[in-house]
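Here is the structure we will look at, set down as structure tokens.
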Amino acid sequence: MLRKLTGQARTRQELAKALADRDVPVEAADAVLDRMEEVGLVDDRSFAQDWVESRQSRRQLSRSAIKRELITKGVDRDDIDDALAGVDDEDELNAARALAEKKVRSMSRLEPQVRYRRLAGALARRGFPSHVTSQVLGEVLSD
């Protein structure tokens, strides 16, 4: 169990699933997880904060994509909303711009329509809304 926490932080749900996979009785697993929360080894709220910061800056994901990931990891919706409250429209625009600028460098030999389509697809897959995609494509492809 502690090995799961040494590589990266985990949510309570992820650890509960790992314990269930090892056939640990539910009562024992809950007791262990409660104790881990008491001593601060498991903290879904701080996990969500760290996840948002990491995914926004390193992977250039949108708020909606990050929210989906956190829901999948079993983080409480209130904790998700609190963590995403720190991401404003400008942060999301900057993340989309960084992704588009990184991708457009490898597309210099492509036709303009193909570049546009591929960049729009990349931004859409990362969950950026259409108004952000349009703005970023206008900026990046105008050069």
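Values quoted throughout were computed directly from the atomic coordinates according to the rules given, and no laboratory measurement underlies them. Just so it is clear, the model here is predicted, and its values are computed rather than measured. Backbone-built Cβ (ideal geometry, glycine too); neighbour counts: all protein chains shown.
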Problem - q = 0.14, 0.23 Å⁻¹, region 2-84: log10 I(q)/I(0) [Debye, one scatterer per Cα] - result: -0.49, -1.09
Completion exercise
Net charge near Gln49 (other residues with Cβ under 9 Å of its Cβ; Lys, Arg +1; Asp, Glu -1) is -3
Practice task
Starting from the Cα of Glu37, step 7 Å along the direction of its Cβ; do the same at Arg118; then give the gap between the two resulting points in nm.
Solution key: 4.7
Completion exercise
From DSSP H assignment alone, runs of 4+ in the chain each adding -39500 (n - 2.57), the sum over residues rounded to the nearest 500 puts [θ] at 222 nm at -22500 deg cm²/dmol
Practice task
Keeping to pairs on different chains or 8 or more places apart, tell me how many lysine pairs in the chain have Cα atoms under 23 Å apart.
Solution key: 5
Exercise for the section: Can you quote the Å³ per residue value for the convex hull of the Cα atoms in the chain, rounded to an integer? Expected result: 122
Problem - Projected label distance in nm at Ser130 and Glu27, using a 7 Å step from Cα toward the beta-carbon - result: 5.6
Fill in the blank from the handout: If one builds a Gaussian network model of the chain from Cα atoms under 10 Å apart, the most fluctuating residue listed among Arg115, Arg105, Arg68 is Arg105
Fill in the blank from the handout: Loop-resident trypsin sites (Lys or Arg not before Pro) in region 21-63 with no more than 16 other Cβ atoms inside 10 Å, DSSP not H/G/I/E/B, are Arg22, Arg59
Completion exercise
Between the modelled labels at Glu111 and Ala98 (7 Å from Cα along Cα→Cβ) the distance in nm is 3.3
